[in-house]
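The values are calculated or read from the model by the stated rules, or taken from the named source; none is laboratory data. Quick caveat, the model's predicted, so the values are computed rather than measured. Methodologically, a virtual Cβ is constructed for each residue, glycine included, from the backbone with ideal geometry; neighbour enumeration extends over all protein chains shown.
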Amino acid sequence: MKRINSELKDAKTIAISGHVRPDGDCVCSVMALYYYLKKELPEAKIDIYLEEPPAPFRILEGIEKIKSEFNTDEIYDVFFAMDCNDERLGDALTIFRRARRRINIDHHISNTGCGDVNIVEPERSSTAELLYDLMEPALVDEEIAKAVYIGIAHDTGVFRYSNTSPHTLQIAAELLKFGFDFSALIEHTFFEKTYVQTQIMGRAVLESVRFMNDRCIVSMVTRRMMEFYQVGPKDLDGIVNQLQSVRGVDCAIFMYEIGTLEYKVSMRSNGVVDVSQVAVKFGGGGHVRAAGCTMNGTYHDNINNISKEIAMQLKQAQTREQA
Ligand code: 5GP
Ligand code: MN
């Protein structure tokens, strides 16, 4: 593996992990790295530690190898933290801390690097894209290609967001040459929703509210609503993107209740507001156009606090425009 060959050459045990509530890029980067290392280091013992991925990813070969139980005394020679910094490793953090060498591969602008080796490139569309460029082309096979492709597709909103670069599309073109059914993979893992997922999205959109001269939009899902529709956090993906699609909206905020006076917050922006900066203020992180954090307090207090940050940025943007 380019740039980290020296770190890997004597590795006999390797652990791979990613962030809590793993998304498409996270799951696929972890799996692509797993397939690749299996080929590059066939003698090594390789374990994957990750919270259970969303159901559509069950189509990935070997996904059942993922350990979602983090109780182990093992001290790994190398630990790969993918698509996040150490703060978001969740229960895998203890394994990470004990490991002999830590390698961090990520593309989040808010990540300052948590490993002994850090390959953190915020201009990359996805961790999957970055990972692909670290691979020896001769070792890439169809399984790896599929995982990298789905990872990139998820973090670019299917090659739609501004993080999609000419290089991203060049990689996608190389991957398509493997001949897999990319259309079915994207449909199944990205667009398709269960009926209740569609219902709760509809409800969240219906109950959304615009503010700040309609430049911001917010919606929220309570635990009671989640119980009513029999859904979990994984079923709420895509709601914030739907809100961001409203014409005239600069910034969309979506919250769902995870505990008493505790909310998981997702934010999206068209680039005028840097939502990563907003999320970092509240202990989270992400990218300029997509970020998140966890907040304590009432829904209205949280919205008030977030709004102040957004208002400040919108004002700065206006001053810049006028200058
Ligand atoms: P989402 O809103 O889809 O959960 O996340 C959007 C982006 O923000 C993703 O890149 C995700 O990794 C990042 N993100 C979401 N929540 C958090 C958080 O609590 N902490 C950090 N550091 N990043 C987050
Ligand atoms: Mn990512």
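Checked against (1) away from ligand 2 (no atom under 16 Å from the Cβ); (2) surrounded by 22 or more Cβ atoms within 10 Å (Cβ to Cβ); (3) within 17 Å of the chain's Cα centre (by Cα); (4) without any contact (Cβ under 8 Å) to a residue 40 or more places away in the chain, L243 meets all criteria but (3). Here the condition is being in the same structural domain as T156 (by TED's automatic domain parsing), away from ligand 1 (no atom under 16 Å from the Cβ) and either within 19 Å of A145 (Cβ to Cβ) or among the hydroxyl-bearing types (S, T, Y) (or both); of K12, K45, K39, it holds for K39 alone.
Quick one: which residue in D155, D133, D141 is in contact (Cβ under 8 Å) with a residue 40 or more places away in the chain and within 16 Å of ligand 1 (Cβ to nearest atom)?
Working: D133 fails: within 16 Å of ligand 1 (Cβ to nearest atom); D141 fails: within 16 Å of ligand 1 (Cβ to nearest atom).
D155 is the lone residue from the list that is in contact (Cβ under 8 Å) with a residue 40 or more places away in the chain and within 16 Å of ligand 1 (Cβ to nearest atom).
Only one entry in K45, K2 is under 20 Å from L134 (Cβ atoms) and surrounded by fewer than 23 Cβ atoms within 10 Å (Cβ to Cβ), namely K2. Checking region 150-165 against the condition returns a match, with at least one residue being in a helix (DSSP H, G or I), of a type in the set (A, V, I, L, M, F, W, C) and either closer than 11 Å to S125 by Cβ or modelled with pLDDT under 95 (or both). Looking only at region 286-323, residues that are touching a residue at least 40 places away in the same chain (Cβ under 8 Å) and in a helix (DSSP H, G or I) come to 10 in all. Selection within region 268-303: residues that are more than 12 Å from ligand 1 (Cβ to nearest atom) and hydrophobic (A, V, I, L, M, F, W, C). The member of this set that is farthest from the chain's Cα centre (by Cα) is I303. Residue pairs whose Cβ atoms lie under 6 Å apart, separated by 6 or more positions or on different chains, with the first residue in region 4-28 and under 24 Å from H108 (Cα atoms) and the second of a type in the set (D, E) and away from ligand 1 (no atom under 16 Å from the Cβ), are A15/D47. Among the numbered conditions (1) buried (at least 20 other Cβ atoms within 10 Å of the Cβ); (2) farther than 26 Å from V275 by Cβ; (3) not hydroxyl-bearing (S, T, Y), the only one that E69 does not meet is (1).
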